[in-house]
1. Within the stretch B:142-172, restricting attention to residues that are polar (S, T, N, Q) and over 20 Å from B:Y204 (Cα atoms), which residue is nearest to the other protein chains (Cβ to nearest Cβ)?
2. With (1) over 36 Å from the mean Cα position of the chain (by Cα); (2) assigned to a strand (DSSP E or B) as the list, and A:P166 as the residue in question, which single condition is left unmet?
3. Does any residue of the stretch B:41-51 turn out to be assigned to a strand (DSSP E or B) and either of a type outside the set (A, V, I, L, M, F, W, C) or within 14 Å of chain A (Cβ to nearest Cβ) (or both)?
4. All but one of (1) surrounded by fewer than 21 Cβ atoms within 10 Å (Cβ to Cβ); (2) assigned to a strand (DSSP E or B); (3) of a type in the set (A, V, I, L, M) hold for B:A4; state the number of the condition that does not hold.
5. Going residue by residue through the stretch A:291-312, is there one that turns out to be at pLDDT below 80 and either closer than 26 Å to B:F85 by Cα or out of contact with any Cys (no Cβ under 8 Å at 6 or more places or on another chain) (or both)?
6. With the stretch B:64-140 as the region, which helices (runs of 4 or more DSSP H) entirely inside it contain at least 3 residues that are more than 8 Å from chain A (Cβ to nearest Cβ)?
7. Out of curiosity, is B:G13 within 12 Å of chain A (Cβ to nearest Cβ) and either surrounded by fewer than 23 Cβ atoms within 10 Å (Cβ to Cβ) or of a type in the set (D, E, K, R) (or both)?
8. Would you check which residues across the stretch B:171-206 are part of a loop (DSSP other than H, G, I, E, B) and buried (at least 19 other Cβ atoms within 10 Å of the Cβ) and list them?
Amino acid sequence: MNILTIPLRNLRRKLARSLLTAVVFAVGVASVTALVELSKAVGESLESKLAAYGANILVSPKTETLSVGYGGMALGDVSVDIKYFKEDETLAAIAGIHHKDRLSAVAPKFVLLARVADTPVGVIGVDFEQERQIKSHWFTEAGTLSLDSFGLLAGSEAAARLGLAPGAVVPLEGRDFTVTGVLGPTGSEDDKLLFADLHALQAAAGKINRIHFVEVAALCAGCPIEEITAQIASSLPGADVKAMQQVVKSRMMTVDFVKHLAFAVSGVILLTACVMIGLSIFSSVNERKNEIGLLRALGFSKGSVFLLMHLEALLLGATAAVIGQAAGFAASGRLMALLDLGEQAAPTFDPLQFALVFVGVAALTSLASLPPALAASRIEPSQALVML
Amino acid sequence: MLVAKDIVKTFAGEAGNAPALRGVSLAVAAGEFVAVTGRSGSGKSTLLNILSSLLTPDAGQVLYDGRDLAAMSARERDKLRATDFSMVFQMHHLLPYLTAFENVLTPFLSSWRPVDAARKAFALECLERVGLADKAERLPGKLSGGEQQRVAIARALVTRPRALFADEPTGSLDGSTGRQIMDILSDLNKEGLTVVLVTHEPLYARMAGRLVEIADGRLAADNGTPAPAPSRTV
């Protein structure tokens with residue numbers, strides 16, 4: 001028995017009212033938890049869907065260009081030094097950045113300019129698995145899309161221009177590559193190019209372990225793209241790392257909108273819940289003026305009375321925080337399923353987040369119960385005497 | 001032990017200020033049993049509340065062992081009520097959600113420190129003292145009016161006070177139960193506890209060693225010491 005005895009017993013005595021107050025507050029906490037979880041999942045889902053439409057960071061070797069002109073006529077820029085990346089070192093450096101978990105795809109490229117049937121064409125060596133992460137819109141009329149070691153995917157325009165169809169053999173740098181599919185029109189530069197397996201093309205060109213540039217798709221829900229760009233640049237001093245700002249900004253705006261909406265609704269719900277707790281404690285103080293007067297007559301200080309009322313609110317808040325978070329997680333799981341956010345979208349229990357919400361709810365409850373607890377502590381024994 | 005000098009107290013009411021005490025002086029020695037009587041509205045309860053530090057007089061002084069109660073801080077007065085003074089009211093005012101035993105321990109429930117075994121044992125002794133040890137685990141709702149008042153007396157004793165202030169403790173009880181309560185108070189006084197009792201029952205008042213009568217806010221009679229001449233008139 002100690003100072004917790006009175007608030008605990010009083011809450012138990014008025015069990016129905018205590019539970020109702022806790023449940024209403026828990027509904028507020030559950031809504032907030034569900035909204036936060038949902039906004040996280042929606043954000044990540046949007047990000048992964050948006051990331052499927054292309055990379056948002058371009059990593060290329062630094063090149064020095066020289067503007068050439070003569071006799072007042074500009075002759076254009078000439079690359080003084082064409083550089084390659086070493087594939088293994090570059091990919092390892094990118095994979096080693098602090099925000100590596102936020103990278104959804106790292107797609108290295110090797111570019112070869114070739115002639116096919118006397119027609120010049122660009123052939124891009126790609127890591128097919130990574131490429132598909134950022135080119136999910138690729139499709140073939142046959143329906144299947146694959147790229148084996150000496151396979152070749154032809155862009156729609158390139159196939160038409162070169163007369164390529166599945167099964168056609170294309171010699172590149174002395175090696176035969178077989179067309180495994182013709183890509184449907186994408187409206188991008190991909191339509192004019194051929195795509196081969198990265199390592200097969202490197203080997204054919206005699207440029208093992210060489211790549212020209214890397215496209216990176218970063219998931220930026222909660223992480224600034226600038227930080228990722230800076231981390232890659234720091235890991236690759238010889239690289240030119242560019243964030244495709246337009247793409248990034250539009251993605252971030254979508255995600256931010258969802259988040260801001262969720263937080264605005266959460267704020268209103270929590271404010272309402274706080275007012276409810278405050279009113280509940282006010283009502284409790286009014287009902288228990290006699291009891292408070294008696295306690296003061298028995299020698300309880302103002303501080304002790306304040307603490308008693310405060311503890312009662314905190315106990316309600318703590319109960320609501322636990323019930324609310326559990327219900328919020330369950331509700332967010334159901335909502336994610338209803339919204340069809342994908343198989344990977346699921347609420348994730350984070351002990352730190354749980355603790356933070358618990359402390360936050362306790363602090364809010366504490367704040368809400370301040371006015372009634374202060375009012376209770378100001379009841380003078382002489383006031384209560386009139387009633388006693 | 002307790003000296004009241006020229007106590008004046010006025011309450012503001014709808015019909016204007018209502019004087020409750022008009023210059024009352026009274027000295028209570030340690031170990032005395034003082035019964036304060038008077039008609040309803042005479043000011044006897046107000047005097048008791050001022051003596052026990054629950055009310056502050058508008059004028060005059062209450063000295064406890066030479067210390068002016070009004071000069072003490074609120075915290076010191078709280079401590080005084082928690083240690084040296086105890087109160088018993090007409091209505092027992094037990095906390096309905098605590099058992100009789102827990103109600104007796106209420107004065108110790110203002111701290112984070114759990115109530116220790118010695119205090120618990122003494123609480124049981126106090127319940128035994130009022131004849132309720134066998135009903136220690138009962139909630140107040142399961143006790144009779146007299147039993148509830150006896151629990152309130154046990155609660156008043158658990159802090160080992162020097163003075164017990166009882167305001168009409170028999171007011172809501174039948175004759176025989178009231179007599180039991182008075183016997184307990186009388187016994188406690190014989191064991192050395194100072195008791196100041198407010199009652200309008202002449203029979204119970206006569207059980208006290210000293211009878212003080214308040215009339216119209218003034219000390220009308222005091223069989224222990226002569227009623228001092230009022231030094232001020234309100």
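1. Of all residues in the stretch B:142-172, those polar (S, T, N, Q) come to B:144, B:148-149, B:159, B:170, B:172.
Narrowing the set further to residues that are over 20 Å from B:Y204 (Cα atoms) leaves B:144, B:159.
Working: B:S144: 20, B:T159: 8 Å.
Restricting to residues being polar (S, T, N, Q) and over 20 Å from B:Y204 (Cα atoms), the top hit is B:T159.
2. It is condition (2) that A:P166 fails.
3. Going residue by residue through the stretch B:41-51, those that are assigned to a strand (DSSP E or B) are none.
No, there is no match, as no residue in the stretch B:41-51 is assigned to a strand (DSSP E or B) and either of a type outside the set (A, V, I, L, M, F, W, C) or within 14 Å of chain A (Cβ to nearest Cβ) (or both).
4. B:A4 satisfies all of (1) surrounded by fewer than 21 Cβ atoms within 10 Å (Cβ to Cβ); (2) assigned to a strand (DSSP E or B); (3) of a type in the set (A, V, I, L, M) except (1).
5. Among the residues of the stretch A:291-312, not one is at pLDDT below 80 and either closer than 26 Å to B:F85 by Cα or out of contact with any Cys (no Cβ under 8 Å at 6 or more places or on another chain) (or both), which makes the answer no.
6. B:100-104, B:117-129
7. For B:G13, the condition - within 12 Å of chain A (Cβ to nearest Cβ) and either surrounded by fewer than 23 Cβ atoms within 10 Å (Cβ to Cβ) or of a type in the set (D, E, K, R) (or both) - is met.
8. Correct list: B:L173, B:L193, B:T199.
The values are calculated or read from the model by the stated rules, or taken from the named source; none is laboratory data. In this text, all values refer to a predicted model and were calculated from it rather than measured experimentally. Using ideal geometry, Cβ is built from the backbone for each residue, glycine included, and neighbour counts are taken over all protein chains shown.
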